[in-house]
């Protein structure tokens, strides 16, 4: 979002100090909603549904035994909306049942994914902020569940910077390929939030406790090389050869026996499924509480204030 929008939000929030908490929250919601609507109306959006599946935020194709799910909001750095969460769930369900051998997730444009879209926090249902937080936690838990349970090899092709949920999910992929210009950032404590995507369990297991703490507690942004060294990324490729080299490999993988791959993945992943579902549930419940906290709201607005000064 544009800096002047962030500045306006921060100035408005600062002026709410004399209001009650509930009134201040409602004023905040109204303000952000109006700013988001204003900014959105000034941009040209391509909302043409995917011709095959009817998706508006994704491009989903199946070619050469590969189902490719491409996040398709390049003008928003592929930030994930509530609609996109639901469409990714649908795409994973369809990919699990189709004739493809492997499934690939990537992004359209310069970014892999910039995390959650601000609109997710402005669509307030009739039940208020509490209902929004509850619904968001339910959706997130179901979203992550589909990654935990996905039966085929799932490969992330990280074509650029990744933030938030797009990073925390990487521990649930079977392979992660990244361009050398990719970065990996999980700024949870900066925003008064907490980890999701089973990262509170998978990251310490993958990279060790202290390195995971640097990311999940202290917001360290990793380069592609650092992510590779810590085991989060399988391999890093030069950006100028990234697409060509990765897709040569993917096409070779897709020629392997389908059932053999699925059964082998089941052996490798199956032993931890129950644990992962429990972790997912716990993370989403804590996030629901975090989203309702003053600390979270204040941290988000403080973040906007700092960004507006850049």
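Among the residues of the range 115-172, those that are over 12 Å from the mean Cα position of the chain (by Cα), modelled with pLDDT under 95 and not in a helix (DSSP H, G or I) comprise 122, 123, 124, 125, 126, 127, 128. Close contacts from the range 202-223, counting a first residue that is on the phi > 0 side of the Ramachandran plot and a second that is at pLDDT below 95 and part of a helix (DSSP H, G or I), with Cβ to Cβ under 8 Å and a gap of 6+ residues or different chains, come to 219/189; 219/190. Within the range 18-29, identify whether any single residue is farther than 21 Å from residue 144 by Cβ, touching a strand residue (DSSP E or B) at 6+ places or on another chain (Cβ under 7 Å), modelled with pLDDT under 95 and not in a helix (DSSP H, G or I), and answer yes or no. Looking for residues that are farther than 21 Å from residue 144 by Cβ, touching a strand residue (DSSP E or B) at 6+ places or on another chain (Cβ under 7 Å), modelled with pLDDT under 95 and not in a helix (DSSP H, G or I), one finds none in the range 18-29, hence no. Can you run down the residue pairs with Cβ atoms below 7 Å, 6 or more apart or on separate chains, where the first is in the range 257-268 and at positive phi and free of Cβ contacts under 8 Å to residues at least 12 places away in the same chain and the partner is part of a helix (DSSP H, G or I) and surrounded by 15 or more Cβ atoms within 10 Å (Cβ to Cβ)? Close Cβ pairs satisfying both conditions: none exist. Residue 63 meets each of the listed conditions (1) out of contact with any strand residue (DSSP E or B) (no Cβ under 8 Å at 6 or more places or on another chain); (2) in contact (Cβ under 8 Å) with a residue 24 or more places away in the chain apart from (2). Within the range 173-202, take every residue that is part of a helix (DSSP H, G or I) and modelled with pLDDT under 95 and give me the one that is nearest to residue 269 (Cα to Cα). Among residues in the range 173-202 that are part of a helix (DSSP H, G or I) and modelled with pLDDT under 95, the one nearest to residue 269 (Cα to Cα) is 189. Screening residue 46 against (1) more than 21 Å from residue 154 (Cα to Cα); (2) over 13 Å from the mean Cα position of the chain (by Cα); (3) at pLDDT 95 or above leaves a single unmet condition, (3). Of everything listed in (1) over 29 Å from residue 302 (Cβ atoms); (2) surrounded by fewer than 20 Cβ atoms within 10 Å (Cβ to Cβ); (3) touching a residue at least 12 places away in the same chain (Cβ under 8 Å); (4) more than 18 Å from the chain's Cα centre (by Cα), the single unmet condition for residue 241 is (3). Among the residues making up the range 165-205, those that are under 17 Å from residue 279 (Cα atoms) and in contact with a strand residue (DSSP E or B) (Cβ under 7 Å, 6 or more places away or on another chain) are 165, 167, 170, 173. Scan the range 172-187 for residues that are surrounded by 23 or more Cβ atoms within 10 Å (Cβ to Cβ) and within 13 Å of residue 283 (Cβ to Cβ) and the total you get is 1.
The values are calculated or read from the model by the stated rules, or taken from the named source; none is laboratory data. Everything numeric in this text was worked out from a predicted model, so none of it was measured. Here the Cβ is made from the backbone with ideal geometry for all residues, glycine too, and neighbour counts use every protein chain on show.
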